[in-house]
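To keep things clear, I will list the structure first and then write my remarks on it.
Please treat every number below as a calculation from the coordinates, not as lab data. This one's a predicted model, so the numbers in the text were calculated from it and none came from an experiment. Virtual Cβ from ideal backbone geometry, glycine too; neighbours counted across all protein chains shown.
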Amino acid sequence: MRVDQYLPGFAPFDAIGSHTLMARRVLREAGYESDIWAEHILAPLGSEARPYHEDTHRAGEGRVLLFHTSTSSPMSTWIKARAEAGELVLGDYHNITPGKYFERWEPAIANVMHAARKELAMLAPWMAMSFADSAYNEAELRDAGYDNTLVCPILVDLEDYHRPADPATLERLRRRRERTGANWLFVGRLAPNKCQHDVIGAFAAYHKFFDGKARLTLVGGGTSPHYMRELQLLVSDLDLEGSVDLLQGLGEAELLAHWSVADVFVCLSEHEGFSVPTLEAMELGVPVVAFNAGAVPETLGGAGIVVDDKDPLVVAAAVDEVCRQGPVRDRMITAGRERAADFDLAKTSKILLAGIEANLDA
């Protein structure tokens, strides 16, 4: 039996790409043949996948097609045609960012997101079942017409977060840490829905009223050049050039160095389907302050501080509480690690396999 995976974009250092590789590992260890097929395959993953249009398997060969949904792609109509031909198609929904967040900044991207929502609904009758990374994502699937759904958190190997950090980066950051205050960190694409502008605004209040030596590091690839430029201008307008870093293109070992010196992870995103960096923060003992939106509160499971108001002073005060050494911080670190254990690969892989095998028996 084969369980092959299909996704529009297969990229390194990407939550969906990493999940797909982990799912292949889990499937192969369970005795299934499994390959990855994609529309866009980015370096250095060329050896890990093949272009989907080269797939010559035919219906009736005894396999499952697992389609990962997150954006618009011609693969959607290709997958529909496979289902019409009698192949068993399952979905894995990683959330589609609402186009409204990009309409001001990147109208073309907004149109892609609007199209992706239509494709999601179009595929609903052809999916035997669809996984969702979170209950939040599952609710979106239900709204799109999916009847048979199952929540399966994104697959991660928590041990990967404990690999050695890049020594040169870690040494540099530790030296800087000796002469600075609290280190704020946010990891995620520089995108309007992730609201890095709100993080910068809250940091400005914290820097002014609580800790004039604090630093903020925003790590993530840029989705919108226009939004990226506005973030840079905001940093300049608030006179924070020497206290805020906007970093792109970091390797995993370099990112681990930044986690090692972080005092708090601040997430003010308005739309997340799971938020892997929140899980990463909990596993690494970095307390989380997050806005009450999307799937982030669900992922946190009560292990962080969730604010209902993004007023800069409200967020800054919450961060100040977290950054003070003492029982509150200690309890948050312990609770975070306990919550992260709920996403252990041994647990999540069982959900994935059970969901697939339930449809094989149907």
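Just how large is the dipole of the stretch 72-183 about the Cα centre, in debye to the nearest 20, putting +1 at every Lys and Arg Cβ and -1 at every Asp and Glu Cβ?
720 debye
Can you give me the long-range amide H partners of residue 37? Hydrogens built in the peptide plane at 1.01 Å from N, cutoff under 5 Å, separation of 5 or more residues or another chain.
The list, which skips near neighbours in sequence, is 5, 6, 7, 50.
Dipole of the chain (Lys/Arg Cβ +1, Asp/Glu Cβ -1, origin at the Cα centre): which of 251, 75, 86 lies farthest to the positive side?
My answer, from the dipole projection, is 251.
Put +1 on the Cβ of every Lys and Arg and -1 on every Asp and Glu Cβ in the chain; which of 59, 190, 276 then has its Cα farthest towards the positive end of the dipole?
190
What chymotrypsin sites (Phe, Trp or Tyr not before Pro) does the stretch 108-155 have in DSSP loop regions with at most 14 other beta carbons within 10 Å?
Within the stretch 108-155, no chymotrypsin sites (Phe, Trp or Tyr not before Pro) qualify (loop, at most 14 other Cβ atoms within 10 Å).
For residue 25 and residue 208 in one chain, what is 0.36 nm times their gap in residues minus the Cα-Cα distance, to one decimal in nm?
Values: separation 183, 0.36 × 183 = 65.88 nm, distance 4.83 nm.
Computed gain between residue 25 and residue 208 is 61.1 nm.
What does the charge count around residue 141 come to, taking other residues whose C-beta lies under 12 Å from its C-beta (Lys +1, Arg +1, Asp -1, Glu -1)?
-4
For the chain, set up a GNM with springs between Cα atoms under 10 Å and report which of 190, 255, 279 has the largest fluctuation.
Highest fluctuation of the listed residues: 255.
Across 10 Å bins from the origin, how do the percents of Cα pairs in the stretch 2-155 run, short distances first?
With 10 Å bins starting at 0, P(r) equals 11, 41, 39, 9, 1.
Report, in deg cm²/dmol and to the nearest 500, the calculated mean residue ellipticity at 222 nm for the chain, where each DSSP H run with n ≥ 4 adds -39500 (n - 2.57) and the sum is divided by the residue count.
-13000 deg cm²/dmol, from helical runs alone.
In degrees from 0 to 90, rounded to the nearest 10, what is the angle of the helix 75-84 Cα long axis to the longest principal axis of the chain?
Approximately 30 degrees, to the nearest 10.
Please list, in chain and number order, the residues 5+ apart from residue 64 or on another chain whose amide H is under 5 Å from its amide H, with Hs placed from the backbone.
For residue 64, whose amide H was placed from the backbone, the distant partners under 5 Å are 2, 3, 4.
Compute the acute angle (0 to 90°) between the alpha-carbon long axis of helix 167-177 and the principal axis of greatest extent of the alpha-carbon atoms of the chain; round to the nearest 10°.
40 degrees
Apply the Karplus curve 6.51 cos²θ - 1.76 cosθ + 1.60, θ = phi - 60°, to the phi angles in the stretch 203-218 and return the couplings in whole Hz, x for Gly and Pro.
Coupling constants for the stretch 203-218: 5, 4, 5, 5, 4, 7, 9, 10, 8, x, 9, 5, 10, 10, 10, 10 Hz.
Project the alpha carbons of the stretch 225-339 onto their principal axes and report the range along each, largest first, in whole Å.
Over the stretch 225-339, Cα extents along the principal axes are 38, 34, 31 Å.
From the phi of every residue in the stretch 110-126, what ³J(HN,Hα) in whole Hz does the Karplus formula 6.51 cos²θ - 1.76 cosθ + 1.60 yield, where θ is phi - 60° and glycine or proline is x?
Result, rounded to whole Hz: 4, 5, 4, 5, 4, 5, 4, 5, 5, 5, 4, 5, 4, 7, 3, x, 9.
Once you charge only the Cβ atoms, +1 for Lys and Arg and -1 for Asp and Glu, what is the size of the charge dipole of the chain about its Cα centre, to the nearest 20 debye?
540 debye
Looking only at trypsin sites (Lys or Arg not before Pro) in DSSP loops with at most 13 other Cβ atoms within 10 Å, what is the longest site-free stretch of the chain?
Within the chain, the longest run free of exposed trypsin sites (Lys or Arg not before Pro) spans 214-323.
Please work out the Cα center distance from the stretch 1-71 to the stretch 234-303, rounded to the nearest Å.
29 Å
Collect residues whose amide H, placed 1.01 Å from N in the peptide plane, falls under 5 Å from the amide H of residue 151; neighbours closer than 5 in sequence don't count.
132
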